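Engineer: Before anything else, here's the structure in question.
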Amino acid sequence: MGLDPLMVLASALVGLLVGLTGMGGGALMTPMLVLAFGVAPSAAITSDLVAALLMRPAGALVHWRRGTIHAPLARYLSYGSVPAALVGTATLSLLGRSPAAEHRLELALGAALVLGGVAMVVRARRRPGASGARPVVRPALTVAVGALGGFMVGLTSVGAGSLILVLLVALYPGLRDDQLVGTDLAQSIPLTLAATVGTLLFNHVAVALTASIVVGSVPAVVVGSLLSSRAHGPWLRRGIAAVVVASGLKYLGVADDVLGVVVAAEVVALVVAGLVARRSVAQPVEDLGATLPARLDAHP
């Protein structure tokens, strides 16, 4: 079993970004394998699912120690996501490995990436400072969210770190960001375990490919998590979301000239958003500078 040094390096880069931003690796790893290395979508999805099982527990342990996991929500999400992940991996196996099946899988993966990228943008625009109060759990809707995310993860490896989080924001707006991430990480462990078991039962796993991903990504996730407090996470997430959406459109067969226009529009949007954010930060400072002399004169 030989490791691919270039694959190890690329996987380390993805793992570092996952650790820095807290995003799910499926939206980054799978398109990197398919678009950059020419791996078949079915092989990329199964290898990424197995590798993800080793990346989740460390982050969940940190949140468990901090008390930022909402246990009832994680439990109800798992009630839906675990069986749905098995259904997703079984569906992946039923699709087969013919060129037509791989094309259908590319379309499903493209749709999942576009949806996941939009979900990342929605999450990045969420206003911080939620109350963090213990919400009233809505069991049926929470199980449904878990089932949708679990099926998407089993079929495409995309969904746990993006789609589920945004749906949780819609259901429980009072949860803080750290509670959202901690709860999602906690439920993603049984979800990823179920998807991995389903993958081993229903699909062939490329051992050498998976080993290269694990060797590169797992240590990098730890490093990224340690550096995350010093990184500009929201801006990294926005940039990665733009890449994810562009990758999804590529899978969906969007023409290169149209894709170029989309990427240019994303770059412009990121630049404008950055200028607006800088202006909103600078304005209070300017206002303080203008009013401070008057306040000092009023209180000699």
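None of the figures in this text is laboratory data; all of them are computed from the coordinates on show. Here the structure is a predicted model, which is why all the values come from computation and not from measurement. As a convention, Cβ positions derive from the backbone with ideal geometry for all residues, glycine included, and neighbour counts pool all protein chains shown.
Engineer: What is the extension gain from His204 to Ala140, computed as 0.36 nm multiplied by their sequence separation minus the C-alpha to C-alpha distance, in nm to one decimal? Numbers along the way, then the final one.
Structural biologist: Working: separation 64, 0.36 × 64 = 23.04 nm, distance 3.41 nm.
Gain in length upon complete extension: 19.6 nm.
Engineer: While we're looking at this one, here's another question. Please compute the length gained on full extension between Ala264 and Leu171, using 0.36 nm multiplied by the number of residues separating them and subtracting their Cα-Cα distance.
Structural biologist: 30.1 nm
Engineer: Additional query: Arranged from highest to lowest average of other beta-carbon atoms within 10 Å per residue, in what order do the peptides 99-109, 180-190, 257-267 appear?
Structural biologist: Order by mean packing, descending: 180-190, 99-109, 257-267.
Engineer: With a Förster radius of 30 Å, plug the Cβ-Cβ distance of Leu61 and Val87 into 1/(1 + (r/R0)^6) and report the FRET value to the nearest 0.05.
Structural biologist: Values: r = 28 Å, r/R0 = 0.95.
Result of the calculation: an efficiency of 0.60.
Engineer: Just to be sure I understand the model, the point goes 7 Å from the Cα along the line to the Cβ. What's the resulting Ala100 to Leu54 distance in nm?
Structural biologist: About 3.8 nm separates the two model spin labels.
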